[in-house]
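Shown next, in structure tokens, is the structure this report addresses.
The values are calculated or read from the model by the stated rules, or taken from the named source; none is laboratory data. Computed from a prediction, not measured in an experiment: that's the story for all the values here. Heads up, the Cβs are rebuilt from the backbone with ideal geometry, glycines too, and the neighbour counts pull from every protein chain shown. Accessible surface is based on the protein model in full, side chains and every heavy atom, while ligands, DNA and RNA are left aside. Shrake-Rupley method; radii C 1.70, N 1.55, O 1.52, S 1.80 Å.
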Amino acid sequence: MSLTDILSPSDIAAALRDCQAPDSFSPKKFFQISGMSKKSSSQLKEIFRILDNDQSGFIEEDELKYFLQRFECGARVLTTSETKTFLAAADHDGDGKIGAEGITCFKYR
């Protein structure tokens, strides 16, 4: 399964266009534009599984900086500031990584 099986390619493209400039990425806005905020919890967990590059059950900071590239190969890398802000917003227990439940928090924001 790929992200385009769950999300519209045109919505993904629009979300990526919105955050092309460094330090312009907002997880909440990206989730809204890409359509992720409208997906069910089970669909978000599937998206999480696809984004979890090493299939560890968590998205760590090193994986998170490449978040946009998981949607499109040529997308930019998140800046250090963006990565830390994203991690802080979704890391509920402060362990430095995001579990599947952390990604679902953007659905309700």
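Note on SER41 and SER26: the extension gain reaches 3.4 nm, defined as 0.36 nm multiplied by sequence separation minus the Cα-Cα distance. Under 5 Å from the amide H of ILE98 lie the amide H atoms of ILE59, GLU60, each residue being 5 or more positions distant or on a separate chain, with H modelled from the backbone and absent for Pro and chain starts.
Using square roots of five times the C-alpha gyration tensor eigenvalues, list the equivalent-ellipsoid semi-axes of the chain in whole Å, biggest first. Walk me through the numbers on the way to the answer.
Working: eigenvalues 64, 55, 35 Å².
Working from the Cα gyration tensor, I get semi-axes of 18, 17, 13 Å.
For the stretch 2-109, the carbon plus sulfur part of the accessible surface works out to 48%, probe radius 1.4 Å.
Per residue, the chain exposes 52 Å² of solvent-accessible protein surface, assessed with a 1.4 angstrom probe and all protein chains in place. In plain terms, the chain from CYS73 to SER2 could stretch by 24.3 nm, reckoned as 0.36 nm per residue minus the Cα-Cα distance.
Note down the net charge around THR83, summing +1 for each Lys or Arg and -1 for each Asp or Glu among other residues with Cβ under 14 Å from its Cβ.
Values: positive: LYS65, ARG70, ARG76, LYS84, LYS97; negative: ASP23, GLU60, GLU61, ASP62, GLU63, GLU82, ASP91.
Taking every Cβ under 14 Å from that of THR83, the sum is -2.
Under the simplified labelling scheme, the GLN55-HIS92 pair shows an inter-label distance of 2.5 nm, with each label point 7 Å from Cα along Cα→Cβ. When +1 charges are put on Lys and Arg Cβ atoms and -1 charges on Asp and Glu Cβ atoms, the dipole computed for the stretch 6-104 relative to its Cα centre reaches about 440 debye. A 21 angstrom limit on the alpha carbon distance is what I want to check against. Which of LYS38/LYS84; LYS39/LYS65; LYS29/LYS65; LYS28/LYS84 exceed it? Correct reply: LYS38/LYS84; LYS39/LYS65.
Can you give the calculated 222 nm mean residue ellipticity of the chain, where each DSSP H run of n ≥ 4 adds -39,500 (n - 2.57) and the sum is split over every residue, rounded to the nearest 500 deg cm²/dmol? The partial results should precede the final answer.
Details: 6 runs with 49 residues, N = 109.
The helix-only estimate for the chain comes to -12000 deg cm²/dmol at 222 nm.
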